[in-house]
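Since the structure comes first, as structure tokens, the remarks are kept for the end.
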Amino acid sequence: MDVERHRISAARRGPRIPRRTAGLLIAVAMLAAQSSGAAQTTGQDQPSDDVLKQSVIDRIIDARAAFFADIQLDIIDGDALLTGRVATVQDKARATALVRSVPGVLTVINEINVGTVDDIRHVSEDLLLERQIRKEMRSTFGAQMPRLNWRATSGVVYVFGHAGTEWEHNRALAIIKQVPGVNRVVDFLRITGSNS
């Protein structure tokens, strides 16, 4: 009777997935769930940011690139920002090469750290920091939010995207710098002359 219950339970769970494959699936799910919050329209010949992100995810799956499990990917107007952590310098280079190989990706900004994976406390602190920044940005800009995004890694905030004016650029950086817990801001913002 107990053996039969175990068989039924195992059948409901489905086949066992190797640990490496499970890590890859989690990484893909995390990348797919990330949202830049920026508009997704680009030039006529340029694929949308959503299409590019999905193409990168497909490339990760095809390459079985499990090292992507602790990497965050953001794309705005074909520019890709990679943050997070990998175990080796080779994995960092592979991540850049993999993203750059997707047609339509114009620039790859690789701010991936090499070393041991952050513990859950640091990851949760960074997520809370990102939420606090979003709250402050929405409070200041409201519906007129510039096309930008940010990622926090161990208190370092990477900002990229587009600001319509120099004032928007400077204001966005000032907002981020005043959020408690931000140790440093790395600025990859472009001033485009419009925030549309």
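Considering the conditions (1) farther than 25 Å from Ile175 by Cα; (2) touching a residue at least 12 places away in the same chain (Cβ under 8 Å), Leu73 is excluded by exactly one of them, (1).
This table checks each residue for (1) under 15 Å from the mean Cα position of the chain (by Cα); (2) within 30 Å of Trp167 (Cα to Cα).
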residue: Thr96; (1), (2): yes, no
residue: Val105; (1), (2): yes, yes
residue: Asn110; (1), (2): yes, yes
residue: Gly115; (1), (2): no, no
residue: Arg131; (1), (2): yes, yes
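Candidates are the residues of region 138-158 that are among the aliphatic types (A, V, I, L, M) and over 17 Å from Ile191 (Cβ atoms); the one that is surrounded by the most Cβ atoms within 10 Å (Cβ to Cβ) is Ala152. If only residues of region 76-89 that are free of Cβ contacts under 8 Å to residues at least 60 places away in the same chain and more than 11 Å from the chain's Cα centre (by Cα) are counted, the one that is nearest to Val123 (Cα to Cα) is Val86. Exactly one residue out of Gly181, Gly142 is part of a loop (DSSP other than H, G, I, E, B), more than 14 Å from the chain's Cα centre (by Cα) and farther than 21 Å from Ala80 by Cβ: that is Gly181.
Selection over region 143-154 of residues that are small (Gly, Ala, Ser) and modelled with pLDDT under 90 gives a count of 2. All conditions in (1) touching a Gly at 6+ places or on another chain (Cβ under 8 Å); (2) under 23 Å from Ile71 (Cα atoms); (3) surrounded by 12 or more Cβ atoms within 10 Å (Cβ to Cβ) hold for Asn183, with the sole exception of (3).
Scanning region 48-62 for residues that are at pLDDT below 90 and in contact with a Ser or Thr (Cβ under 9 Å, 6 or more places away or on another chain) returns a single hit, Arg59.
Could you tell me whether any residue of region 11-30 is assigned to a helix (DSSP H, G or I), at pLDDT 90 or above, loosely packed, with under 13 Cβ neighbours inside 10 Å and within 19 Å of the chain's Cα centre (by Cα)?
Within region 11-30, not a single residue is assigned to a helix (DSSP H, G or I), at pLDDT 90 or above, loosely packed, with under 13 Cβ neighbours inside 10 Å and within 19 Å of the chain's Cα centre (by Cα).
The values are calculated or read from the model by the stated rules, or taken from the named source; none is laboratory data. Note that this is a predicted model, so its numbers are computed, not measured. Neighbour counts are summed over all protein chains in view; Cβ atoms, including those assigned to glycine, are modelled from backbone coordinates with ideal geometry.
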